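Written out below as structure tokens is the structure these notes cover.
Values in this text are rule-based calculations from the coordinates and carry no lab data. Please read all numbers here as calculations on a predicted model, not as lab measurements. Here Cβ is always computed from backbone atoms with ideal geometry, including for glycine, and neighbour counts include all displayed protein chains.
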Amino acid sequence: MCGIVGFTGERNQELLKRMADTIFHRGPDQGGFYSDGSVNLGIRRLCIVDVESGKQPMCNEDGSIWVVFNGEIYNHGELRKKLEDKGHVFRTDHSDTEVIVHLYEEYGEYWPRHVNGMFGLAIWDSRKDLLMLYRDRIGKKPLYYAELNGQLVFSSEIKALLKHPGISSEPDYQALYHYFGLKHISAPRTAFEQIKQLLPGHLLKWTVDGITAKSYWKVDFGSPMTDITEEEASEHLLYLLEDAVKIRMQCDVPFGAYLSGGVDSTSVVALMRKHHYNPVITFCLGYRDRAEGQFYGKYQDLYYARMMAQRLKTAHYEEIISARDFAEGMPEVIRAFDEPFSGTVSTYYLSSLVKRHVKVALSGDGADELFGSYLAHRLAFPIERYLELTKNRKTAWEDLNEDEKRELFPFNTPEQFSFLQRIASRSLAEWRERLSVFSHAERKNLLSREFLEAAGWPEENSVYACLEKDLTANDALNRVLEMDQKELLPNQVLPFVDRLSMAHSVEVRCPYLDYRIVEFANSLPGELKIKNKTVKYIQKKAMKRVLPQELLERPKEGFVQPIYTWMHGSLRKWVEDKLDSLPREIFNLKYVENLKREFQSGKQYLNAKIWNLVCFNIWFEGIDRK
């Protein structure tokens, strides 16, 4: 795991080193640089595999092909043997980086189709004066770039690009506009107009003639397995997950796992235990500011994590933070993203503990987006059923019989049914927009006229509408999951996994995001994912062979922090100060003041909106303006 930087053009070692030093946290073990007058490549290396001989940048035998690589290739041993059988000669002992060099030589630009791994990397082919950037299939590792007078500049993080004197910090107003609905910036845009993010499963080619980008892999739900049985599906899923866990335990440094006490992380730890002779080292985050006698909510995590650590006989560690610890860490949290972000940030605080014990940690991230768990996932089938009922003029709660009410579970109370009615639409994009933090109408009131004009009044330019046009899934739940795998997973979930762990020089590996599991899960019908009132049904059926029933039936809490409780308690003054200092050139401060008064009166429905604004202000205050 590393951080990479580079740019085409004349040799400039000083600039290259300055960019690399900016992301020192991604690779504190080694630095490496290559310049030949046409390209400049740099890396900060976190030594995980082949610690001694795996130094980068790395080249082929004649020095015509060079690579800088951030990530891991989990099947590198198998690939090395195949390449050696084809006549390729390796210099290193077991470096996965060198495998990439020879894969490119053997298979050309589509070499990633042969690998199982996560990566953001650059390959320089001096024979063709060709620089190529690659990002892994699902987007686990980041890669940003900018075009500058016909040249290409790239890096694992935005902050390194901003060290280049030719790269402007001018904001992308349209990207920022969508942040207030999504909680994150939607790729390929970034918060900065000149900087773009390479999309998952894509490659980018630079020559003196220009830049082109295309996909080598896509999220695809278009080949459903309609004849597979539950038993067959659960058995195959368990087989795939066990192998995905096993190959992610291959490294030359100490490793452990996140253990939140939920089904996803505990499944990973249980499978690790089958392939590890020593106790698995596990980590859990807890919170000091707990209400008297409080058990439910995030405070259950410690209970279940301790229970499963004891059953699985792990070496278990806990990090307990207070509301004040959380607030004091937020500037560094947002700095890790380089963009406004108001999603989950707990990984940052837990990774500070992980760093003291191991370099690598496995996690359960990705399972929710594959098998269905979030509110939008739980809404999919009930909305579909509700729309069917409306065709028969059954539009009110009183119109439904008892069987029809049960079919709308969990929206089968008068209050939940009313919510379902407000959200429902025949357009998936439209009802997903209704779950946004700030609606388009609210953003018109929230943001200044100057900001909206700079953004091009983009309320009709829906991120979800663009995604809906290209969906391949047929059933209602899978269409929502496909949308989340293209937007939420790579742009919100995986950034908090990668950026907040790498801020502490910790590599996180996600077995559920093994491309074999992704492709298999996406071939299963939605009815196997949420069924009989159970979210992630097929995953839990598979894990019945591994986990106790008590854990499988635990309500999902998610790996989040209790910020909404703290905002109305010990962090209230801190939140109010952030609202008071929002920049007037961006916001309609009169509207913000109204929101603040409602928040001060205790209105809980404003929590996500207030936190969205607080996080934006932390980012805005920390921008390194040129």
Sites removed, the longest contiguous part of the chain containing no DSSP-loop GluC sites (Glu not before Pro) with at most 12 other Cβ within 10 Å is 293-552
Compactness of the range 404-469 - radius of gyration and Dmax, Cα, Å: 15.5, 49
Scan around residue 11 for amide H atoms under 5 Å from its own, H built in the peptide plane at 1.01 Å from N, and keep only partners 5 or more places away or cross-chain. 37
When the charge dipole of the range 2-215 is computed with +1 at the Cβ of Lys and Arg and -1 at the Cβ of Asp and Glu, the Cα pointing farthest to the positive end, of 188, 7, 118, is that of 188
Taking the Cα centre of the chain as origin, sum charge times position over the Cβ atoms of Lys and Arg (+1) and Asp and Glu (-1), and report the length of that vector in debye to the nearest 20. 1140 debye
So which trypsin sites (Lys or Arg not before Pro) in the range 218-255 end up in coil per DSSP with only 14 or fewer other C-beta atoms within 10 Å? 218
Residue-wise, which Karplus ³J(HN,Hα) couplings in Hz belong to the range 125-133, taking 6.51 cos²θ - 1.76 cosθ + 1.60, θ = phi - 60°, and x for glycine or proline? 10, 5, 5, 10, 6, 10, 10, 10, 10
Taking θ = phi - 60°, what integer Hz values does the Karplus form 6.51 cos²θ - 1.76 cosθ + 1.60 yield along the range 328-338, in sequence order, with x for Gly and Pro? 5, x, 4, x, 6, 4, 5, 4, 5, 7, 6
For a quick check: with amide H placed at 1.01 Å from N, whose amide H comes under 5 Å from residue 362's, ignoring anything fewer than 5 positions away on the same chain? 256, 257, 258, 509
Kindly provide the helix-only [θ] at 222 nm of the chain, computed as the sum of -39,500 (n - 2.57) over DSSP H runs of four or more divided by all residues, to the nearest 500 deg cm²/dmol? -12000 deg cm²/dmol
Can you give the longest run of the chain that contains no chymotrypsin sites (Phe, Trp or Tyr not before Pro) sitting in a DSSP loop with at most 13 other Cβ atoms inside 10 Å? 297-626
Using Cα-Cα distances under 8 Å and only pairs 6 or more residues apart, what relative contact order does the range 2-215 have, in percent? 18 percent
Can you list, largest first and rounded to whole Å, the semi-axes you get for the chain by taking the square root of 5 times each eigenvalue of its Cα gyration tensor? 38, 30, 25
Using θ = phi - 60° and Karplus 6.51 cos²θ - 1.76 cosθ + 1.60, couplings along the range 606-613 (whole Hz; Gly, Pro as x): 8, 3, 5, 5, 5, 5, 4, 6
Förster radius 35 Å - calculated FRET efficiency between residue 608 and residue 53 (Cβ-Cβ, nearest 0.05): 0.10
Taking a cut-off of 28 Å between Cα atoms, list the lysines near residue 578, but don't count ones fewer than 8 places away on the same chain. 159, 163, 183, 298, 444, 590, 596, 603, 609, 626
Taking a quarter of the surface of the Cα convex hull of the range 2-215, what do you get in nm²? 11.4 nm²
If I stretch the segment between residue 89 and residue 590 completely, what's the gain in nm (0.36 nm per residue apart, minus their alpha carbon distance), one decimal? 173.6 nm
What would the Debye formula give as log10 I(q)/I(0) at q = 0.12, 0.20, 0.27 Å⁻¹ for the alpha-carbon point model of the range 508-586, no solvent? -0.64, -0.97, -1.34
List the relative contact order of the range 566-622 as a percent without decimals, with contacts defined as Cα pairs under 8 Å and 6+ residues apart. 42 percent
Positive-end residue of 174, 145, 37, charge dipole of the range 2-215 with Cβ unit charges: 174
Can you sort 164, 568 so the residue with the fewest Cβ neighbours within 10 Å comes first? 568, 164
Let me check I have the definition right: for the range 566-622, take the eigenvalues of the Cα gyration tensor, multiply each by 5, take square roots. What are those semi-axes in whole Å, largest first? 17, 13, 9
